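Read-outs throughout are calculated quantities, based only on the coordinates presented, and are distinct from any laboratory measurement. None of these values were measured; they are calculated from a predicted model. Every residue, glycine among them, receives a Cβ derived from its backbone with ideal geometry; neighbour counts consider all protein chains shown.
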Ligand code: NAP
């Protein structure tokens with residue numbers, strides 16, 4: 001299997017590495033060329049100087065960039081992968097983007113005989129580095145079956161959830177859950193610290209009960225020590241909540257919690273924390 005990987009960021013760099021380590025031939029492209037050079041040295045793969053050049057002759061092309069506009073840039077622009085992908089090949093977008101974009105790309109790719117799937121991921125930087133991501137997929141069964149060996153190389157679970165766009169809708173639901181869980185955790189830690197409880201003892205205890213969560217397990221220590229310069233950026237979370245709110249508006253769905261937490265993240269951004277991890281909701285309480 002010949003694979004191209006477009007976008008070697010926090011997520012894409014290790015994901016492309018897992019594909020290479022699973023024995024497939026991989027050609028990467030990254031806008032900042034130094035990162036692609038570093039990847040080629042580390043994994044002994046190939047690199048190209050445009051998305052279209054990386055994708056030429058590939059069976060599967062994987063994309064993991066920032067937002068809708070970035071996906072358009074690397075897929076449908078003059079240098080985009082759809083300009084070189086051959087009939088019968090597969091384009092998989094791992095970016096967290098809108099369902100509308102996924103449906104648009106499914107149509108566009110289909111017109112030239114290329115199969116498209118939207119496949120946003122969950123599990124963070126650690127999930128990408130450990131090849132243990134959860135992947136939510138929208139597209140056709142036959143495409144999923146063909147691309148599954150590639151996706152398996154960096155995931156612990158992946159599932160086809162229906163038509164193109166459904167992967168992005170599932171990711172929006174994922175982010176809605178996270179918004180509530182992180183704000184709950186931030187409020188609980190702030191409440192406990194101000195009431196004089198020992199944070200370590202508290203979490204050791206309540207994480208074993210019904211309040212336990214991925215966020216609690218993976219973020220309580222850094223939250224207690226006021227460390228936020230890592231992880232999943234507030235800027236990305238606001239992009240994701242924006243996608244969820246837009247979709248909700250279209251369907252006449254009320255999301256009071258998401259609206260509130262999105263406003264809190266806006267405050268974190270305004271205080272200079274756009275690149276902080278999403279657990280920095282606690283800083284709104286403790287830094288005042
Ligand atoms: P990142 O570290 O900021 O990397 C973004 C990548 O996209 C970089 O390789 C960047 O190239 C490239 N890129 C951005 N805009 C581009 C454009 N217009 N043309 C070409 N390349 C472009 O982001 P990340 O954390 O890997 O996240 C990638 C996607 O996964 C996002 O949609 C994010 O929401 C989602 N996600 C992230 C996490 C997480 O924990 N980080 C978890 C789940 C999902 P340069 O190197 O040149 O900047």
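Tabulated data for the structure shown
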read-out	value
Antiparallel DSSP beta bridges within the stretch 2-163, percent to nearest 5	10
Selected from 27, 64, 177 as most flexible by GNM, with the chain as the system and alpha-carbon contacts under 10 Å	177
Relative contact order %, the chain, counting alpha carbon pairs below 8 Å whose residues are six or more apart	13
Coarse-grained scattering of the stretch 132-182 at q = 0.29 Å⁻¹, given as base-10 log I(q)/I(0) from a Debye sum over alpha-carbon atoms	-1.08
For the stretch 84-111 and the stretch 19-61, distance of Cα centres in Å	19
Between the stretch 118-165 and the stretch 235-259, the alpha-carbon center distance in angstrom	23
By average C-beta atoms within 10 angstrom, highest first, the peptides 230-243, 260-273, 7-20	7-20, 230-243, 260-273
Span per principal axis, largest first, for the Cα atoms of the chain (Å)	63, 46, 34
Residue-span extension gain [residue 46 to residue 205] - 0.36 nm each, minus C-alpha spacing	52.3 nm
Mean separation of Cα contacts under 8 Å (6+ apart) over length of the stretch 1-131, as relative contact order %	25
Percent antiparallel among DSSP beta bridges (both partners in the chain, rounded to 5)	15
Between helix 166-194 and the chain: long-axis angle, C-alpha atoms, 0 to 90°, nearest 10	20
CD proxy at 222 nm, helix term only [per DSSP H run n ≥ 4: -39500 (n - 2.57); per residue of the chain; nearest 500]	-16000 deg cm²/dmol
GNM top mover of 133, 224, 91 - the chain, alpha-carbon springs below 10 Å	224
Relative contact order (percent, whole number), the stretch 139-288, Cα cutoff 8 Å, 6+ residue spacing	28
Prolate/oblate/rounded call for the stretch 2-163, Cα gyration tensor, a/c under 1.5 rounded	rounded
Prolate/oblate/rounded label for the stretch 168-286 (Cα gyration tensor, a/c 1.5)	prolate
Most fluctuating residue given options 185, 197, 160, as computed from a GNM of the chain linking Cα atoms under 10 Å	197
Gained length - residue 69 relative to residue 221, 0.36 nm times residue gap less alpha-carbon distance	51.2 nm
Sites residue 285 and residue 235 - FRET efficiency at Förster radius 25 Å, r taken between beta-carbons, to 0.05	0.75
Stretchable slack from residue 198 to residue 112, in nm (0.36 nm times residue separation minus alpha-carbon distance)	24.9 nm
Shape call, the stretch 1-89: gyration tensor on alpha carbons, a/c limit 1.5	oblate
